[in-house]
1. Can you tell me how much longer the chain between Lys155 and Ile138 gets when fully stretched, taken as 0.36 nm per residue apart minus their C-alpha distance, in nm with one decimal?
2. Shape verdict for the stretch 91-174, please, from the Cα gyration tensor: rounded (a/c under 1.5), prolate (a/b greater than b/c) or oblate.
3. In nm, give the distance between the simple-model label positions of Arg43 and Asp59, each being 7 Å from the Cα along the Cα-to-Cβ direction.
4. Which of Ile44, Ile121, Ile89 moves the most in a Gaussian network model of the chain with Cα springs under 10 Å?
5. With labels modelled as points extended 7 Å from the Cα through the Cβ direction, what inter-label distance (nm, one decimal) is found for Ser30 paired with Met162?
6. What shape does the stretch 1-90 take by its C-alpha gyration tensor, where a ≥ b ≥ c are the square roots of the eigenvalues and a/c under 1.5 counts as rounded, a/b above b/c as prolate, and the rest as oblate?
7. Just to verify a number: what accessible area does Glu6 come out at with the full protein assembly present, 1.4 Å probe, Å² rounded to tens?
8. Take the chain, connect every pair of alpha-carbon atoms lying under 10 Å apart with a spring to form a Gaussian network, then pick out the residue of Gln165, Gln32, Gln23 with the largest mean-square fluctuation.
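The values are calculated or read from the model by the stated rules, or taken from the named source; none is laboratory data. Everything numeric here is computed off the predicted structure, so don't read it as measured data. Neighbour counts run over all protein chains shown; Cβ positions are idealised from the backbone, glycine included. Quick note on the areas: whole protein, heavy atoms, side chains included, nothing else; ligands and nucleic acids left out. Shrake-Rupley method; radii C 1.70, N 1.55, O 1.52, S 1.80 Å.
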Amino acid sequence: MAGKREDCLSWDEMFMGLALLSQERSKDPSTQTGACIVGEDKRIISIGYNGATRGMSDDLFPWDSKGEETNDIKNIKNTWVVHAERNAILNSHGVDLNGTTLYVTFFPCHECAKSIIQAGIKKVVYLRMYSYGEIVDITKAMFDAAGVEYVPFNKEKDFSKMEVQGSATEIKKILKRFS
């Protein structure tokens with residue numbers, strides 16, 4: 001009898017894979033984000049992606065987000081969209097998130113950082129750094145003050161938006177072959 005298989009996914013790879021897969025549910029044409037919350041016992045607690053609030057049709061609101069240019073808050077997608085991190089927290093349905101780890105395909109914004117801290121999540125593993133420096137600085141300051149650890153999934157490479165989206169698309173293609 002052969003020994004056990006040694007080339008299986010690590011826990012980190014599996015959980016980040018779930019975050020990547022989750023982002024494929026997002027209808028956002030420019031930035032899809034996925035998240036997965038995991039307990040200390042490696043139990044998957046919740047997943048989320050950036051999308052419209054439950055019960056709202058995602059056909060009724062702007063996805064092109066041109067409001068930033070005109071200062072028209074009604075035409076900024078983030079006015080209407082719930083980010084992946086917050087969706088994962090809300091989808092946990094009251095499970096105690098103290099001490100959990102959040103795997104997310106995009107470094108959290110400062111608004112999501114508030115929810116992460118309030119929920120008791122103690123570690124954030126991110127695949128790609130957020131591109132807005134000031135928001136990153138604010139999020140890091142909040143995490144540092146609250147004792148939330150944040151680490152890149154790959155310490156040697158910050159993945160581009162195209163690489164992250166391409167990886168998720170490849171996963172989706174594989175699944176479509178089986179459906």
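1. Details: separation 17, 0.36 × 17 = 6.12 nm, distance 2.11 nm.
Roughly 4.0 nm would be gained on extension.
2. oblate
3. Modelled inter-label distance: 4.0 nm.
4. Residue with maximal mean-square fluctuation among Ile44, Ile121, Ile89: Ile44.
5. The two pseudo-label positions are separated by 1.8 nm.
6. On the way: a/c = 3.53, a/b = 2.72, b/c = 1.30.
It is prolate, given that a/c is not under 1.5 and a/b is the larger ratio.
7. Its accessible surface works out to 140 Å², give or take rounding.
8. Gln165
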